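Take a look at the following structure, please.
The values are calculated or read from the model by the stated rules, or taken from the named source; none is laboratory data. Just so we're clear, the structure is a prediction, and the values are computed from it rather than from any experiment. Cβ atoms come from the backbone with ideal geometry, glycine included; neighbour counts cover every protein chain shown.
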Amino acid sequence: MSRRRALTLAAAAALAAPLAVAAPAPAGATGQYTVTALKFTVQAGGRSCTVDADLYRPAGVDAAHPAPAVLSTNGFGGSKSDGSTAAVGKAFAERGYVGLVYSGLGFGRSGCLITLDDPEIDGRAASGLLDFLGGKRSADDGTEVDYVTSDGKGDPRVGMLGGSYGGAVQMATAAVDHRVDALVPMITWNDLAYSLDPNNAADRSVPGAAKWQWMNGFYLIGEGQPLLEPSLDPSRINRLDCLHFATGACETIRTLNSGRYPADRTEALQKYARSVSPVSYLSKVKAPTLLVQGQADTLFNLNEAEATYKTLTKQGTTAKMIWQSWGHSGGMKDPASGELDLSKGNLESSYVGKRILAWFDRYLQQKKGVDTGPAFAYYRDWIGDPDSTYATAAKVPALSRKLYLSGDGKLVDDRAKVARGSREYRNWLIPTSHSESSLAGLIGLPDPAPRDTRGTYLDWTTEPFADAVDVVGAPRATLEVISPKTERVQHSGDAADKLVLFAKLYDVAPDGKKTLVHRLVSPVRVPDVTKPFTVSLPGVVHRYEKGHRLQFVVAASDGAYGGNRGVKPVTVTSAPGDTGVLDLPVVTD
């Protein structure tokens, strides 16, 4: 076994361990609500699938006094019994909503394969649960409900809430069943082709650099389901070489791990990944949607939420967006003070929680006078007061400040200040830059500080800022490189022969300490090294304090991602009339 695979297996096992020992929430009465365990047999993707669920019924709710419902499911590798998943049912039952919390297909005690929130499978399964909440069907034991607020025969008033895997399924459900009335997808994806194999070049006709740590960690969790759930439902088994995932998912992972991108395999990879992603079906989503995305998230970054938000608003779907502090990386298990923590149910005492409650008040309780908040809000970690950490805006800030790459390694604010010069870097056959150990934040392991090896990267640095500079959004760089060795092979028919590089921004303190904001990097597989190309960096919300400097880095590799095939020296030249440009979305008070 390779060291890379061994490390990923160890990390995946550590991540999965708490899920294996988590006990199901006991059914019973609390005085505020009752909890009843239920099973459903639903039809999804041509199979009969068992869905394991818990029904939360608030005290006093009956046919004469109905209430809207909240439907929720787990993140990847979890189940209905996870702390944050079960907490949704509990929190909303305490606030008078009927809750139906279930284990997603392929997880917990639910049956069928893991299909990555495919709308025609996972979405259809959730639609079967809407039938139950609407009184159109019973649970397998005969349980029926007649106490969910109705908008018509068989049409329950239902909102959905959940994160990550439990976020994308909301949009998948709303795309196939328009009875869903409100969505709150948190820290989830827009396009899995981008999430798992990001190419941040404006031209995405070629694949990017595979996130081998993230994808293999989750792949091993999925394939290791017998360790987590003994005596699996037979519908959870696919075939020997792809145990618990849909075949297309396994083939996608194998293509990414191969490091080869011939045209036919690349086309199949992108077609499958996008078919199970909101990017392919958002046109069918009409339910009002409150998007909540995490700034600390190298798996699903802010750019993904912004892409979803722009699509929804452009087509006329009601949508608003919040960029909270926590995502899959760093402090996911320990949100910052004052931030929403679903496992604790602190809805009324957190900004995001209050926004979610207002969203459901407006679209489930149909209180038309409720203020659902601004179109866009973002957390600022440099504000000490938990009650003032969020700023609001009518839209995501536009690019507003240009900096130029000078030949002497400076980042200057005027093209006339650019010095002529050229510099070279080259990759090694092993990664020489470290941004993160992707699963470290999830499983509580330390992660070495980001680093770059001399000779394998280039950097450009500003003068110390005279005043604080607040960057909110996705910076963009326009670059041109010279790489004769790449030029000779880039049209070989295998995209793996194209040049890969990694762009990123550091914050350099007066004492020289460097911070890679949320450990975010921007992988690029350059479509054609003979032409300029544009790079979209991951969205950030970051203050460069007075006296700090901004450093733009282009590195040859990154240990969390796949990289170049063969050694490919790269030269970057600069002249006043012809140089790279870094555009920043800077906001002012």
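Considering only the stretch 390-454, give the strands (runs of 3 or more DSSP E) lying wholly within it that have at least 3 residues that are closer than 22 Å to Ala556 by Cβ.
421-425
Part of a strand (DSSP E or B), within 16 Å of the chain's Cα centre (by Cα) and not charged (D, E, K, R): which single residue out of Val184, Val169 fits that description? Quick ask: steps written out before the conclusion?
Numbers: Val169 fails: part of a strand (DSSP E or B).
Step by step, each of Val184, Val169 is checked, and only Val184 is part of a strand (DSSP E or B), within 16 Å of the chain's Cα centre (by Cα) and not charged (D, E, K, R).
Here's another thing I want to ask about it. Quick check: anything in the stretch 36-52 modelled with pLDDT of 95 or more, over 24 Å from Leu232 (Cα atoms), surrounded by 15 or more Cβ atoms within 10 Å (Cβ to Cβ) and assigned by TED's automatic domain parsing to the domain that holds Thr173?
no
A further question on this structure: Does Thr534 satisfy being under 28 Å from the mean Cα position of the chain (by Cα), polar (S, T, N, Q), closer than 14 Å to Arg476 by Cα and not in a helix (DSSP H, G or I)?
It is true that Thr534 is under 28 Å from the mean Cα position of the chain (by Cα), polar (S, T, N, Q), closer than 14 Å to Arg476 by Cα and not in a helix (DSSP H, G or I).
Can you name every residue in the stretch 496-555 that is out of contact with any strand residue (DSSP E or B) (no Cβ under 6 Å at 6 or more places or on another chain) and on the phi > 0 side of the Ramachandran plot?
Result: Gly512, Arg519, Gly547.
Looking at this structure, is Lys314 at negative phi and either out of contact with any Phe, Trp or Tyr (no Cβ under 9 Å at 6 or more places or on another chain) or not assigned by TED's automatic domain parsing to the domain that holds Tyr281 (or both)?
Yes; evaluated as a whole, the condition is true for this residue.
Among Trp382, Trp460, which is modelled with pLDDT of 95 or more and not in a strand (DSSP E or B)?
Numbers: Trp460 fails: not in a strand (DSSP E or B).
The unique qualifying residue is Trp382.
Looking at (1) part of a loop (DSSP other than H, G, I, E, B); (2) at pLDDT 95 or above, can you tell me which one Trp359 breaks?
Of the numbered conditions (1) part of a loop (DSSP other than H, G, I, E, B); (2) at pLDDT 95 or above, the odd one out for Trp359 is (1).
So which of Arg415, Arg426, Arg451, Arg380 ends up being among the basic types (Lys, Arg), assigned by TED's automatic domain parsing to the domain that holds Gly89 and touching a strand residue (DSSP E or B) at 6+ places or on another chain (Cβ under 9 Å)?
Values: Arg415 fails: assigned by TED's automatic domain parsing to the domain that holds Gly89; Arg426 fails: assigned by TED's automatic domain parsing to the domain that holds Gly89; Arg451 fails: assigned by TED's automatic domain parsing to the domain that holds Gly89.
Unique residue meeting the criteria: Arg380.
Is there a residue in the stretch 424-444 that is among the hydroxyl-bearing types (Ser, Thr, Tyr), touching a residue at least 60 places away in the same chain (Cβ under 8 Å) and closer than 21 Å to Arg549 by Cα?
Step one: list which residues in the stretch 424-444 are among the hydroxyl-bearing types (Ser, Thr, Tyr), which gives 425, 432-433, 435, 437-438.
After this cut, where a residue has to be touching a residue at least 60 places away in the same chain (Cβ under 8 Å) as well, the list is 425, 432-433, 435, 437-438.
From what's left, closer than 21 Å to Arg549 by Cα: 433, 435.
Checking the stretch 424-444: at least one residue is among the hydroxyl-bearing types (Ser, Thr, Tyr), touching a residue at least 60 places away in the same chain (Cβ under 8 Å) and closer than 21 Å to Arg549 by Cα.
A follow-up question, please. Condition test on Ala391, is it surrounded by fewer than 19 Cβ atoms within 10 Å (Cβ to Cβ) and in contact with an Asp or Glu (Cβ under 8 Å, 6 or more places away or on another chain)?
Taking the combined requirement at face value, the residue does not satisfy it.
With (1) in a loop (DSSP other than H, G, I, E, B); (2) not assigned by TED's automatic domain parsing to the domain that holds Gly77; (3) not β-branched (Val, Ile, Thr) as the list, and Leu227 as the residue in question, which single condition is left unmet?
Status for Leu227: all satisfied but (1).
For Gly162, work out the one condition from (1) surrounded by 24 or more Cβ atoms within 10 Å (Cβ to Cβ); (2) in a helix (DSSP H, G or I); (3) of a type outside the set (Asp, Glu) it doesn't fulfil.
Among (1) surrounded by 24 or more Cβ atoms within 10 Å (Cβ to Cβ); (2) in a helix (DSSP H, G or I); (3) of a type outside the set (Asp, Glu), the lone unmet condition for Gly162 is (2).
Any chance the stretch 256-263 includes a residue that's within 23 Å of Gly208 (Cα to Cα), surrounded by fewer than 16 Cβ atoms within 10 Å (Cβ to Cβ) and free of Cβ contacts under 8 Å to residues at least 24 places away in the same chain? Break it down stepwise before answering.
Here is the first cut: in the stretch 256-263, the residues within 23 Å of Gly208 (Cα to Cα) are 256-263.
Going one step further and asking which of them are surrounded by fewer than 16 Cβ atoms within 10 Å (Cβ to Cβ), we end up with 258-260, 262-263.
Checking the rest, the ones that are also free of Cβ contacts under 8 Å to residues at least 24 places away in the same chain come to 258.
Scanning the stretch 256-263 turns up at least one residue that is within 23 Å of Gly208 (Cα to Cα), surrounded by fewer than 16 Cβ atoms within 10 Å (Cβ to Cβ) and free of Cβ contacts under 8 Å to residues at least 24 places away in the same chain.
Another question, then. Just for the stretch 448-471: of the residues that are in contact (Cβ under 8 Å) with a residue 60 or more places away in the chain and farther than 17 Å from His548 by Cβ, which one is surrounded by the fewest Cβ atoms within 10 Å (Cβ to Cβ)?
Selected residue: Thr456.
Has the stretch 130-143 got at least one residue that is assigned to a helix (DSSP H, G or I), in contact with a Lys or Arg (Cβ under 7 Å, 6 or more places away or on another chain) and either touching a residue at least 12 places away in the same chain (Cβ under 8 Å) or assigned by TED's automatic domain parsing to the domain that holds Asp241 (or both)?
yes
Being over 15 Å from Gly75 (Cα atoms), of a type in the set (Asp, Glu), surrounded by fewer than 24 Cβ atoms within 10 Å (Cβ to Cβ) and within 20 Å of the chain's Cα centre (by Cα) narrows it down to one of Asp155, Asp151, Asp191, so name that one.
Going through Asp155, Asp151, Asp191 in turn, just one is over 15 Å from Gly75 (Cα atoms), of a type in the set (Asp, Glu), surrounded by fewer than 24 Cβ atoms within 10 Å (Cβ to Cβ) and within 20 Å of the chain's Cα centre (by Cα): Asp191.
Now, a different point. From the list Arg274, Arg239, Arg204, which one is more than 30 Å from Tyr97 (Cα to Cα) and at pLDDT 95 or above? Explain how you work it out, then say what you get.
Details: Arg239 fails: at pLDDT 95 or above; Arg204 fails: at pLDDT 95 or above.
Exactly one of Arg274, Arg239, Arg204 is more than 30 Å from Tyr97 (Cα to Cα) and at pLDDT 95 or above, namely Arg274.
Going by what's in this entry, would Thr255 be described as in a helix (DSSP H, G or I) and outside the structural domain of Asp177 (by TED's automatic domain parsing)?
yes
Related question: Among (1) β-branched (Val, Ile, Thr); (2) at pLDDT 95 or above; (3) closer than 29 Å to Leu299 by Cβ, there is one condition Val418 misses while meeting the rest; what is its number?
Evaluating Val418 over (1) β-branched (Val, Ile, Thr); (2) at pLDDT 95 or above; (3) closer than 29 Å to Leu299 by Cβ leaves (3) as the failure.
Among the numbered criteria (1) within 28 Å of Gln213 (Cβ to Cβ); (2) surrounded by fewer than 19 Cβ atoms within 10 Å (Cβ to Cβ), which single criterion is violated by Asp341?
(2)
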